[in-house]
Amino acid sequence: MTEKAKSKVDTVRLQNMSRAFIESASMFAAIDLELFTAVENGSNTVEKFAVHAEISEVNAERLMTMCATAGLISWADDHYINADDVQRFLVKGEKSYAGPWLTFTRPGWSNWGNLTEKLKNPDEATVIGSYETMTVDYARTYHEATSSIGFGAGRRFNKQVDLSRRTKMMDLGGGSGAYSIVAAQNNPNLSAVVFDLPPVVVVTQDFIEKNGVADQVSTQGGDFTKNDFPQNCDVAVMASNLPQYNREIINQVIQKAFDALLPGGEMHLIGEMLDDDRKGPMDAAIWGLMEVMSNSTGLAHSRKDCVQYFKQAGFEKIEVHEFIPDILVRVTGAKPK
């Protein structure tokens, strides 16, 4: 490294990383105190928000200043306004409100301070980790938090993939059933089976009935890493649970899907995947590391890994598609006729 290059190196990037938790804490507090809802409804100055949140003006100013520097709100003439994404996803009462999803990882907050200890002295890992003890109540809380994002992803999937000629879909680890429900709503001739853990499908059934598709969408309780798959399906979807499993398990699951699909069927694996050089995106790495907290055997998989799983299973016409840039990737393949 040249002397000139050395002189440009400083600690700014490292300092920002070391304090990133403060930015997260600030957003969580703003959600708790309904800052963004207050801004939209007119409590958009320090004085007005302090009254709304029942906190001191100095603390209101501190929080609003932090949120402004984080780009969550901005000053316009004599009051604050919400950033576009905040306006869409963090104003209570809006259809797209995603507060529960954005605070979804918050319960693990204290554990992350002990990551070193978790890495050095982990609890005994199991295939699905903490999900093995999932209760109906926890499943309900979990999927009420994730369903808003899930249904958005389900709508995106149905815009990208033509299911009009398909007759039956298996939804592996489908949770709320979002992908199946949206698919049924858009394809009257399609039926679907949401295959998830027994406590989860109790909650899935509520979503199915709420959305009026009980005549098309059913559930099957079980562990898809162990139990038999639904039969007579010509499309399989596995979405947003990829990092929960290790390479061996994903390989087995995709092989089971291939074997269960009808000839000419197709599979779509949608998940947080690393680029082939494994340098990013960050989201895939984060979800892989989170499995330390869940005591599972899961980790981050790359696009190349997933393509290889499809090849080993026997799929043809394997393609990789951007699903949500820097967040989710869709790998698809066809079973020979």
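Derivation of every value follows stated rules applied to the coordinates shown; laboratory data play no part. Computed from a prediction, not measured in an experiment: that's the story for all the values here. Because the Cβ atoms are built from the backbone with ideal geometry, glycine has one as well, and the counts that use them run over all protein chains shown.
In the chain, helical runs assigned H by DSSP with n ≥ 4 each contribute -39500 (n - 2.57); averaged across all residues and rounded to the nearest 500, the mean residue ellipticity at 222 nm is -13500 deg cm²/dmol. Within the chain, helices built from complete DSSP H runs that reach 15 Å or longer along their own axis (Cα positions) and carry a mean Kyte-Doolittle hydropathy of -0.5 or higher are 20-32, 57-69, 198-210, 247-260, 282-294. Each DSSP beta bridge with both residues in the chain is either parallel or antiparallel, and the antiparallel ones are about 40%.
So which trypsin sites (Lys or Arg not before Pro) in the range 244-296 are both in a DSSP loop and have at most 16 other Cβ atoms within 10 Å of their Cβ?
Sites meeting the loop and neighbour criteria: R278, K279.
Among residues other than D275 with Cβ under 14 Å from its Cβ, the summed charge is -3 (Lys and Arg +1, Asp and Glu -1). Ratio of Rg to Rh for the range 3-92: 1.12 [Cα atoms; Kirkwood radius as inverse mean 1/r over pairs].
For the range 1-106, the set of trypsin sites (Lys or Arg not before Pro) satisfying both a DSSP loop assignment and a count of at most 16 other C-beta atoms within 10 Å is given as R19, K92, K95. Placing pseudo-labels 7 Å out from each Cα toward the beta carbon at T65 and T116 gives an inter-label distance of 3.2 nm. Between the C-alpha center of the range 20-53 and that of the range 95-169 there is a gap of 26 Å. Look at M267, M17, M169 and count the other Cβ atoms within 10 Å of each Cβ; fewest to most, that gives M17, M267, M169. For the residue pairs K92/K159; K279/K304; K8/K118; K118/K311; K120/K311, the alpha carbons lie more than 24 Å apart in K92/K159; K8/K118; K118/K311; K120/K311.
Note the direction-averaged projected area, equal to a quarter of the hull surface, for the Cα convex hull of the chain, in nm².
21.4
Of the GluC sites (Glu not before Pro) found in the range 89-126, those that fall in a DSSP loop while having at most 12 other beta-carbon atoms within 10 Å are E124.
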